[in-house]
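Values in this text are rule-based calculations from the coordinates and carry no lab data. Predicted model, so just to flag it, every value in this text is computed and none were measured. Using ideal geometry, Cβ is built from the backbone for each residue, glycine included, and neighbour counts are taken over all protein chains shown.
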Amino acid sequence: MLSNRSIKVSNKKMTFWERIYLPAIIGGMFVTFKHIFKKKATIKYPEQKRPVSDVYRGKHILKRDENGAERCTACGLCAVACPAEAISMIASERKMGEENLYREEKYASVYEINMLRCIFCGLCEEACPKEAIFLTTELVPPFLERQDFIYGKDRLVEQVDKRVDVSKRKLKHTV
Ligand code: SF4
Ligand code: SF4
């Protein structure tokens, strides 16, 4: 032995009760039964979901204004603020007749967030001067393919007929 240390092994004989194991089994069963009637600490996820805080930082949303036009003007500040470099976009110029689609003269024709890179810090939300991007309480679901975690405008832009209330997150910025 390198350390020259030794441990004395006890050769103490087991008692009769220790040899039949019954007291230990009954003790174990008692612990099990004691927990049957206690409130369960686990839930049946994903069928059941735990309530999350109103300001929980989950999947992002690109907001529309009150007329339904996209608020994002592709300024890139969210991408610059993102410590994980998860955001990329392509800016385009709004054409005549598209005023109802895009709020500003410049808009993001492509806007992508890589949810595998994102650390849900919320800095993009804080950097945005147009109140265009917010994090929601929705979780990003698991996928099998890496490509499925690249969220484009089809999954990020708010649906016209399904508005998402972000007033609690706006409140967060004012306190
Ligand atoms: S939440 Fe943070 S990490 Fe995720 S996209 Fe926004 S700034 Fe980047
Ligand atoms: S989401 Fe906001 S910060 Fe990001 S590009 Fe659009 S307007 Fe700029």
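Give the calculated FRET efficiency between Tyr56 and Val110 to the nearest 0.05, with a Förster radius of 35 Å applied to their Cβ-Cβ distance. Before the final figure, lay out the partial values.
Working: r = 27 Å, r/R0 = 0.79.
Given R0 = 35 Å and the Cβ-Cβ separation, E is 0.80.
Please report the base-10 log of the normalised intensity I(q)/I(0) for the range 17-93, using a Debye sum with one equal scatterer per alpha carbon and no solvent, at each q in 0.11, 0.20, 0.23 (1/Å).
One equal scatterer on each Cα of the range 17-93 leads to -0.63, -1.05, -1.14.
Largest first, please: the extent of the C-alpha atoms of the range 94-135 along each principal axis, to the nearest Å.
Here the spans come out as 38, 19, 12 Å, largest first.
How high is the FRET efficiency between Phe33 and Phe120 when r is their beta carbon distance and R₀ equals 45 Å, given to the nearest 0.05? Working shown, then result.
Numbers: r = 41 Å, r/R0 = 0.91.
The computed FRET efficiency comes out at 0.65.
Grab the eigenvalues of the alpha-carbon gyration tensor for the range 1-142, scale each by 5, take roots, and send me the semi-axes largest first in whole angstrom.
Details: eigenvalues 749, 106, 21 Å².
Three semi-axes, in Å: 61, 23, 10.
Return P(r) of the range 60-174 (all Cα-Cα pairs; 5 Å bins starting at 0; whole %; ordered from short to long distances).
Reading the bins upward from 0: 2, 11, 23, 25, 21, 12, 5, 1, 0.
Evaluate the distance, in nm, between pseudo-label points positioned 7 Å from the Cα of Leu139 and of Gln159 along their respective Cα→Cβ axes.
Those two pseudo-labels are separated by 2.1 nm.
So, with +1 on the Cβ of K and R and -1 on the Cβ of D and E, and no other charges, what is the size of the charge dipole of the chain about its Cα centre, to the nearest 20 debye?
Details: 32 positive and 23 negative charges, 376 e Å.
So the magnitude is around 1800 debye.
In percent, how large is the relative contact order of the chain, given Cα pairs closer than 8 Å and 6 or more residues apart?
Details: 222 pairs, mean separation 43.2, N = 175.
Across the chain, relative contact order equals 25 percent.
If one computes the Cα centroid of the range 67-88 and of the range 119-175, what distance in Å separates the two points?
What the calculation gives is 11 Å, centre to centre.
Within straight cross-link reach of Lys130, meaning Cα distance under 27 Å, which lysines are found once same-chain residues fewer than 8 apart are removed?
In chain and number order, the partners are Lys59, Lys63, Lys95, Lys106, Lys153, Lys162, Lys168, Lys170, Lys172.
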